[in-house]
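Following: one structure in structure tokens, then a few remarks.
The values are calculated or read from the model by the stated rules, or taken from the named source; none is laboratory data. The shown structure was predicted, so the numbers you read here are calculated from the model rather than taken from an experiment. Every residue, glycine as well, gets a Cβ built from its backbone with ideal geometry; the counts of neighbours run over all protein chains shown. Quick note on the areas: whole protein, heavy atoms, side chains included, nothing else; ligands and nucleic acids left out. Shrake-Rupley method; radii C 1.70, N 1.55, O 1.52, S 1.80 Å.
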Amino acid sequence: DDDGRQGTAIITRTKTRTKRPNLYRVLLLNDDYTPMEFVIHVLERFFNKSREDATRVMLHVHHNGVGECGIFTYEIAETKVTQVMDFARKHQHPLQCVMEKK
Ligand code: TYC
């Protein structure tokens, strides 16, 4: 392209370059008080997991201290964390949900 001024030109890229979005892991942390059934419900409700998958993830967190709920773009991950934290607080459970860059 020519910018109209003399002796200069700006080359613009016309080819489409699709960038991969940064991804974030959403994690649940273990604690001694949140009922197992509540954690399973959270995984079903906010992460669309089957009863079987939800139970597997919950038991993984219970035994290992931390476990993955899913991998999302920044805004979706942030929304999931907020939803889980609000829901846990509402039911007065100390459940912690965090996100980390992949
Ligand atoms: N450790 C809890 C219990 O024994 C269960 C639990 C699992 C809590 C996973 C939090 O993210 C969690 N009731």
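Which of Leu23, Val42, Gly65 sits farthest toward the positive end of the charge dipole of the chain, with +1 on the Cβ of Lys and Arg and -1 on the Cβ of Asp and Glu? Comparing the listed Cα positions along the dipole, Leu23 ranks first. Average accessible surface for the chain: 74 Å² per residue, computed with a 1.4 Å probe over protein heavy atoms with every protein chain in place.
Across the stretch 25-40, coupling constants 3J(HN,Hα) worked out from phi with the 6.51/-1.76/1.60 Karplus curve, θ = phi - 60°, read 7, 9, 10, 9, 10, 6, 8, 8, 10, 5, x, 3, 4, 5, 5, 4 Hz, and Gly and Pro carry x.
For the stretch 23-101, which chymotrypsin sites (Phe, Trp or Tyr not before Pro) are both in a DSSP coil and crowded by at most 11 other Cβ atoms within 10 Å? Present the calculation step by step, with values, prior to reporting the outcome.
Values: sites: Tyr24, Tyr33, Phe38, Phe46, Phe47, Phe72, Tyr74, Phe87; in loops: Tyr33.
Passing both the DSSP loop test and the Cβ count: Tyr33.
In order along the stretch 78-87, the Karplus-derived 3J(HN,Hα) couplings, from 6.51 cos²θ - 1.76 cosθ + 1.60 at θ = phi - 60°, round to 4, 5, 4, 4, 4, 4, 5, 5, 5, 5 Hz, and Gly and Pro are given as x. Seen from all directions on average, the stretch 36-89 presents a Cα convex hull projection of 3.6 nm². Converting phi to 3J(HN,Hα) with the Karplus coefficients 6.51, -1.76 and 1.60 and the offset θ = phi - 60°, the stretch 95-102 yields 3, 10, 10, 9, 10, 9, 5, 6 Hz in sequence order, with x at every glycine or proline. In this structure, the amide hydrogen of Lys49, modeled 1.01 Å from its nitrogen in the peptide plane, lies closer than 5 angstrom to those of Glu44, counting only residues at least 5 positions away or on a different chain. The base-10 log of I(q)/I(0) for the chain, evaluated at q = 0.20, 0.22 Å⁻¹, reads -0.97, -1.11 [Debye formula, identical scatterers on Cα atoms, solvent excluded]. Angle check, please: helix 51-64 long axis (alpha carbons) against the longest principal axis of the chain (alpha carbons), in degrees 0 to 90, nearest 10. That works out to roughly 80 degrees.
What is the sum of charges around Glu68, taking Lys and Arg as +1, Asp and Glu as -1, for the other residues whose C-beta is under 15 Å from the C-beta of Glu68?
For residues surrounding Glu68, the net value is +4.
Amide H contacts under 5 Å for Leu23: Lys102, restricted to partners 5 or more places along the chain or on a different chain, H placed in the peptide plane at 1.01 Å from N.
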